[in-house]
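The values are calculated or read from the model by the stated rules, or taken from the named source; none is laboratory data. If you're wondering where the values come from, they're calculated on a predicted model, not measured in any experiment. Quick reminder, even Gly has a Cβ in these numbers, built from the backbone with ideal geometry, and neighbours come from all protein chains shown. The area values use the complete protein model at the heavy-atom level, side chains included, leaving out ligands, DNA and RNA. Shrake-Rupley method; radii C 1.70, N 1.55, O 1.52, S 1.80 Å.
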Amino acid sequence: MARPREFDEAEALDRAMEVFWKQGYENTSMNDLLDAMGIQRGSFYNTFGSKKETYLRALDRYGQFMTEGGPYTELAHQEPSLEALQVLIDRYLESVTGDGVLKGCFFTHASKENRGDDPEIQKAVMAGLERMQGHIVACVEAGQRDGLLPDHLDPQGTALAFMASAWGFHVMAEAGVPLEDLKHAARQLFGIGQVPA
């Protein structure tokens, strides 16, 4: 009879996500992972398989986190609107600069580190980005229906432009641009600054 697991798998994965998020894939050793996850080597291999598999699961978990506690949470639980998009801007910028720690966006870090060299990692990042893009597309379409955004905008392209801008704001935060300045600049996108708070 197999022994029951003596750890919470979801909690261990969250801890793995945190260490990968902070240190990157290459700079995270097996000992770093085991220490962060609080599990033994045998339990790790039996449950998670390998460092690479754990990293891919951590990227998927981060995509879930974005709508379950992360900056997309409120957006995922309210009707799509331009006002919801403004909330997302604030929450995203707070998440990449919050608590005085420039932790940034895990997907951004993963993309910069991988640079398309590993198709599996690239696929995992793209899956997360597409999930987030879908939420933004719904808000852009709602803004068009409400007459707050022009009809000629392509929702998919506009959402992608928004996400590219958000990643740029993330890099600017790392460079030291103050959070309130970034929020002010971000609200100018697509006239979002005109939406009542």
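Relative to the dominant Cα principal axis of the chain, helix 51-67 is inclined by about 30°.
Exposed loop sites are taken as GluC sites (Glu not before Pro) in a DSSP loop (any state but H, G, I, E or B) with at most 10 other beta carbon atoms within 10 Å; the longest stretch of the chain without one runs 27-197. Projecting the Cα positions of P71, G42, M17 onto the charge dipole of the stretch 12-71 (unit charges on Cβ atoms of Lys, Arg, Asp and Glu, taken about the Cα centre) puts G42 furthest along the positive direction. The string of couplings for the stretch 178-187 from the Karplus curve (6.51, -1.76, 1.60, θ = phi - 60°) is x, 4, 5, 5, 5, 4, 4, 5, 5, 5 Hz, one whole number per residue in order, with x for Gly and Pro. Taken per residue, the accessible surface of the stretch 38-89 reaches 44 Å², heavy atoms only and a 1.4 Å probe. For the stretch 44-186, carbon and sulfur atoms together expose 53% of the accessible surface, with a 1.4 angstrom probe and every protein chain in place. How far is helix 119-145 tilted off the main Cα axis of the chain, in degrees rounded to 10, range 0 to 90? Approximately 30 degrees, to the nearest 10.
Taking label positions 7 Å along the Cα-Cβ direction at both H152 and M126, the computed distance is 3.1 nm, reported to one decimal. Note on K123: aspartates and glutamates with a C-alpha under 17 Å away, same-chain residues under 8 apart excluded, are E53, D60, E113.
Of D118, D35, D90, the residue with the greatest mean-square motion in the GNM of the chain, using alpha carbon springs below 10 Å, is D118.
Summing Cβ point charges (Lys, Arg +1; Asp, Glu -1) relative to the Cα centre of the chain gives a dipole of roughly 420 debye.
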